[in-house]
Structures are given as C-alpha cells and as structure tokens.
1. Regarding segment 165-174, can at least one residue be identified that is closer than 29 Å to residue 134 by Cα, in a helix (DSSP H, G or I) and not assigned by TED's automatic domain parsing to the domain that holds residue 241?
2. Hey, any hits in segment 112-125 for a residue that's surrounded by 13 or more Cβ atoms within 10 Å (Cβ to Cβ), within 30 Å of residue 265 (Cβ to Cβ) and either of a type in the set (Val, Ile, Thr) or without any contact (Cβ under 8 Å) to a residue 24 or more places away in the chain (or both)?
3. Restricting attention to segment 84-102, which residues are modelled with pLDDT of 75 or more and part of a loop (DSSP other than H, G, I, E, B)?
4. Has segment 62-80 got any residue that is at pLDDT 85 or above and among the β-branched types (Val, Ile, Thr)?
5. Identify, by number, the condition in (1) buried (at least 16 other Cβ atoms within 10 Å of the Cβ); (2) at pLDDT 85 or above that residue 179 doesn't meet.
6. Search segment 225-246 for residues that are assigned by TED's automatic domain parsing to the domain that holds residue 190 and closer than 12 Å to residue 214 by Cα and pair each with any residue that is of a type in the set (A, V, I, L, M, F, W, C) and in a loop (DSSP other than H, G, I, E, B) when their beta-carbon atoms are under 8 Å apart and the residues are at least 6 apart or on different chains.
7. Of all helices (runs of 4 or more DSSP H) completely enclosed by segment 202-281, which ones contain at least 2 residues that are at pLDDT 85 or above and buried (at least 20 other Cβ atoms within 10 Å of the Cβ)?
8. Does residue 57 meet the test of being hydrophobic (A, V, I, L, M, F, W, C) and either at pLDDT 85 or above or more than 26 Å from residue 208 (Cβ to Cβ) (or both)?
Amino acid sequence: MAAIPKEKPSSIEENRAGFARYKADVKARGKSFYPYAMFHDTIMSLVVVFTIVGLAAIWKWSSWGVTHNPTHPGLLGPVVDPPADPGTTSFVPRPDWYFYFLFYLLRIFKWPESVFLGTIGVPTIALVLLLALPFIDRRRERRPSARPVAMIAAVLTIVSMGVLTWKGATAKEALASEVILDVPRWIQQEHLPPEAVPGAKLFATAGCTACHTYAGSGGSNLGAPDLTAIGARIPSKAFHVAHLKCPSCVNPGSPMPPFASLGEARLEELATFLVNSKGTS
C-alpha cells in the first residue's frame, strides 16, 4: 500500500513552530544585552530623533523659510505668535492639546472644593495604577483573549482619554468670563448710571477681575486693590485713563500691565465706570 503523503504545514503552523524554537533557544542559552537589546534601543531612539528633527524642519521652513515672516502659519503653525495683547476682550485661554483632557476635567470638577481632585487626584491615581500594574499582574500569559480585565481596563482608559481630549478641544466658552453675569447686580447694588454700564461690561470681560475685586466678584492677586469704591477715592476720569494706558508711569513699580491697546473710546468707558463706582451699596 502506498504511503499517504503528509500535508504540508501551513504558514501559521510554521511561524508557531519557529517561535517555539526561538523561545526554547532563548530559555536555554539566554539572550545577551549586546547587541540585541542595544540594537533595538538604538533604532527606536534614531526613529524618535529623526521624527522630531523632521517635524522641526517642516515647522521652520514651511513658515519662515518661505515668507521670511515668523508669524506665517505654515504647515505646523507659526514660528512665533503675534505679541500678546493685554487689552483683548475676545481671547479665550486654552491649554496645549495634550492637556485638553485635564482642561475638561476642570469643567467636571468645577467647584472650588473639588478642583484638587480633578487636577491632582484623578491623574495621580491613574498614574499610580499604571505603574503598579506590572507588579499586580505577573502572569506570563500575553494573549489579549486570556486577559479580559487588563484589556477592558486599557480600552476604557484609551476611550476615556480620547473622549475627554475631544470634549476639551470642542468645549465652547460663553464670554471671556462668567463675571459678566454679575454686571446687573453691580448696577443695582452700586446704583451705577446708564453711562457707566458699557464700562462695567468691559470691566467684566477684559479680565480685570482676574486681579481686582468688585462688589464681591473677582479675586485679589498681586496686591491689586478692591475697586468697588475707587470713584470715591479717585474721582478723576483723566487719572484713570492715564493709569489704564500706562500703570507703571502713573504708579512706578506697578505690576499691572498696560491696557492702551483697548483704544481711547473703551478706556473712556472704563474710566466712566470707575469714577461712578463709589461704594454706595
């Protein structure tokens, strides 16, 4: 009787057999750090370095190299941004994209008592769990199907980070500050006349309450005074206009930035609001 020919092993079976021989050889003879691990680390390091150098070259020469204008956007953004305008009322501060997840966490934990939990607690707990994972699960099994808990945890982590990053990138701001909602209370509480209302709205949206307080709104930073009764102390509109244009010129050593970029008309509105703020509540 003729012998039945053996079936040729499939490529998958050959790969499995080759991998089994490789593992047996490594287990029997070991695998030296040099050149194996060093070669892999060197290749990966070169890939990272060349990627960074390539992106830097594209960023540089797609903007400055073409137009010789450092503020030209290019393919990856401008070399330098335009000068900061401390008098802007439309700028919405945003973090870099890799902090969008943390930016949105602050929207979730928005109450003062929970800010620490959102900024320090949650990221630190996640990092500690990530570092502890190799010490908790020391099994040699590496097949994803045999590690459902680890795989589910990894997928949930990736999805949650992606969702938080996306939500942080697309989050919309109302106005420059929620302090604008306090303006009607200021008008009623401080008996502000109609001509002071535009200046009150500008005061709320220009970021003045980041350093100053007014009628219980804002925060006192860098020694900035409360301005609720500033009009009773300094009733001169000309003084306020000059001070807003160049604070250090009027008050040497003042850390307050100049707001000359607001323009004469808006400086007049702010000054009108300040001279009518007499603390009459």
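1. Initial filter on segment 165-174 (closer than 29 Å to residue 134 by Cα): 165.
Still in the list and also in a helix (DSSP H, G or I): 165.
Still in the running and not assigned by TED's automatic domain parsing to the domain that holds residue 241: 165.
Yes, because at least one residue in segment 165-174 is closer than 29 Å to residue 134 by Cα, in a helix (DSSP H, G or I) and not assigned by TED's automatic domain parsing to the domain that holds residue 241.
2. Taking segment 112-125 first, the residues surrounded by 13 or more Cβ atoms within 10 Å (Cβ to Cβ) are 114-115, 117-119, 121-123.
Adding the requirement that they be within 30 Å of residue 265 (Cβ to Cβ) leaves none.
No, the conditions are met nowhere in segment 112-125.
3. Within segment 84-102, the subset modelled with pLDDT of 75 or more is 94-102.
94, 95, 96, listed by residue number.
4. Here is the first cut: in segment 62-80, the residues at pLDDT 85 or above are none.
No: zero hits.
5. (2)
6. Final answer for the pair search is 228/215.
7. Values: elements: 230-233, 237-245, 247-250, 264-275.
The qualifying helices (runs of 4 or more DSSP H) are 230-233, 237-245, 264-275.
8. Details: hydrophobic (A, V, I, L, M, F, W, C): yes; either at pLDDT 85 or above or more than 26 Å from residue 208 (Cβ to Cβ) (or both): yes.
For residue 57, the condition - hydrophobic (A, V, I, L, M, F, W, C) and either at pLDDT 85 or above or more than 26 Å from residue 208 (Cβ to Cβ) (or both) - is met.
The values are calculated or read from the model by the stated rules, or taken from the named source; none is laboratory data. Just so we're clear, the structure is a prediction, and the values are computed from it rather than from any experiment. For neighbour counting, all protein chains shown are included, and Cβ atoms are generated from backbone atoms with ideal geometry for every residue, glycine included.
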